[in-house]
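Report on the following structure.
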Amino acid sequence: MAASLPRKVWQTLGAIKTGVVLLILVVILSAAGTVILQRPTTEPDELQRAYSPQILRVLNAVGLTDVFHAWWFVLLLALVSLSIVAASVQRFPNAWRYFSRPYKSPDQTFCNSLPLHKLISVKDEEVALSAADRVLHKFRFRPERIVRENSFSLFGERNRISEVAVYIVHLSLLLIFFGGIVDALYGWRAFMTLGRGEQSSQVQPQNGKARNLAFAVRCDSAGRENYADGSPKKWWSNLSVLENGKVVLRKQIVVNEPLVYGGVRFYQASFGDTGKLDKMTLAATSRDSGESKDLPISLNETLWLDNDITVRLAEFFPDYAVGDGHVYARSNNLENPAAHLVVESKKSGKSVNVWLPPIPGLEENAESPYAFQGKDVEMAYFTGIEVSHEPGQWWVWAGVILMGLGLGVVFYLVHARVWVVPVQDAQGQVQLWIGGTANKNKDAFEHRFQELVTQIENELKVSTEMPVEPSAAVFARS
């Protein structure tokens, strides 16, 4: 009993029903992983907006918000792989014997039982076999001359590899599942945000400790293109990879066109404004001379207007409001901007507060030796980058390519076999028995078989009209 239990488990794993059920489960759970929002590609705020707290707790508890790294998904992939191995091991010996030792010399019982066959009366056995040999070559059956004890026969076949093509598919599935297991155990996904000019060598996974990369990534610039209605059309980021402070790679990434370096992929995931000022352009006009000039200025930057006067951008509010004598930001959206400038005379030490636009009770614009006007505002932005390390992807892609080849062999290559055997009827008349079979597409093969028989009959008519050299009808014995 104890010895039979492992055998029963092994046979159950190798059963077709077991494999089909496990594959269906993998497909269903993989589909769930594409429908349910996954971490870390989805931000926590978006998950909370999409699901109620109760539903989100359940999804997190069972691992459905990170399906492809869940322990039960890894276990399921391992079970499917074990089932494929068991099925292959149990069935491969018979398949290999059938593949390596094809049935080339049919006996009387086989000839009588084969549904697709034809008898042709011939006058000369050797001439008939020679004619059949030429036709089989024409139909690309690669005929082999079989020497039996008292006679000769022909055997031809095409696409014998089709008989073991299913094991190519099995191997491709094992590669794909192995890659998935490697990714689940050793791969990771994380997220990083960078502003223009910022660089980082650290990423933060959704769950777990921050990871340090062996290199740094810098955002040189980023932006987005919008449709006419204002909705985003495309996000892009120009990234540089730095090692030891030197740039080793530059690439512009967009959605589905990542930067890949050191086995780590950087995907464009999001883009947005930080609510902070990057650069503001001012038109400064001297009240004495009337001379005007444009000044690009950043927050807390001080610029010289002339030999005595400086201007500093002290504050900027993208959407300002006034309350209790103070200016504050209602939002980070650039809707109602205000800028606070401090104009100072270095000789007198006097400073003047200039507000754009003028804010009563706070502005001292009239006392400034320069008049200012805002011409352009550039807000600072961030680019959101999804970072992933998937060491099993090469195995997965190798499996996908191999599966394409295997399925092509399974569906498009037909293992066809043809036998040509001289026989004698009850009256001693020589006949050529021609039989054939195929492992699939039997209707199409039947039509092809009839063409082959017709060609042999036509070849026999031509052969009987031509003189045959004695040596031409002799088959080499091996």
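Numbers at a glance
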{"read-out": "Of all residues making up the range 81-121, the number that are touching a residue at least 40 places away in the same chain (Cβ under 8 Å) and among the polar types (S, T, N, Q)", "value": "6"}
{"read-out": "Residue match in the range 324-336 (condition: within 52 Å of the chain's Cα centre (by Cα), buried (at least 17 other Cβ atoms within 10 Å of the Cβ) and within 30 Å of residue 42 (Cα to Cα))", "value": "yes"}
{"read-out": "Residue check, residue 160 on the phi > 0 side of the Ramachandran plot and at pLDDT 90 or above", "value": "no"}
{"read-out": "Identity of the residue in the range 352-368, of a type outside the set (A, V, I, L, M, F, W, C) and surrounded by fewer than 16 Cβ atoms within 10 Å (Cβ to Cβ), that ends up farthest from residue 326 (Cα to Cα)", "value": "367"}
{"read-out": "Which listed residue is modelled with pLDDT of 90 or more and either among the hydroxyl-bearing types (Ser, Thr, Tyr) or under 30 Å from residue 266 (Cα atoms) (or both), from 62, 20, 26", "value": "26"}
{"read-out": "Contacts under 6 angstrom Cβ, first residue in the range 22-42 being closer than 18 Å to residue 57 by Cα, partner exposed (fewer than 14 other Cβ atoms within 10 Å of the Cβ) and small (Gly, Ala, Ser), 6 or more apart", "value": "37/50"}
{"read-out": "Residues within the range 217-233 that are farther than 15 Å from residue 381 by Cα and within 26 Å of the chain's Cα centre (by Cα), tallied", "value": "2"}
{"read-out": "Tally of residues being touching a helix residue (DSSP H, G or I) at 6+ places or on another chain (Cβ under 8 Å) and under 17 Å from residue 18 (Cα atoms) across the range 61-87", "value": "13"}
{"read-out": "Verdict on residue 396 being of a type in the set (Val, Ile, Thr), more than 30 Å from residue 150 (Cα to Cα), within 45 Å of the chain's Cα centre (by Cα) and not assigned by TED's automatic domain parsing to the domain that holds residue 222", "value": "yes"}
{"read-out": "Matching residues, the range 1-21, being among the aliphatic types (A, V, I, L, M) and without any contact (Cβ under 8 Å) to a residue 60 or more places away in the chain", "value": "1, 2, 3, 5, 9, 20, 21"}
{"read-out": "Residue count for the range 255-286, restricted to those that are at positive phi and without any contact (Cβ under 8 Å) to a residue 12 or more places away in the chain", "value": "1"}
{"read-out": "When residues of the range 211-254 are limited to those that are modelled with pLDDT of 85 or more and acidic (Asp, Glu), the one surrounded by the most Cβ atoms within 10 Å (Cβ to Cβ)", "value": "220"}
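The values are calculated or read from the model by the stated rules, or taken from the named source; none is laboratory data. A quick note: this is a predicted structure, and the numbers were derived from the prediction, not measured. For neighbour counting, all protein chains shown are included, and Cβ atoms are generated from backbone atoms with ideal geometry for every residue, glycine included.
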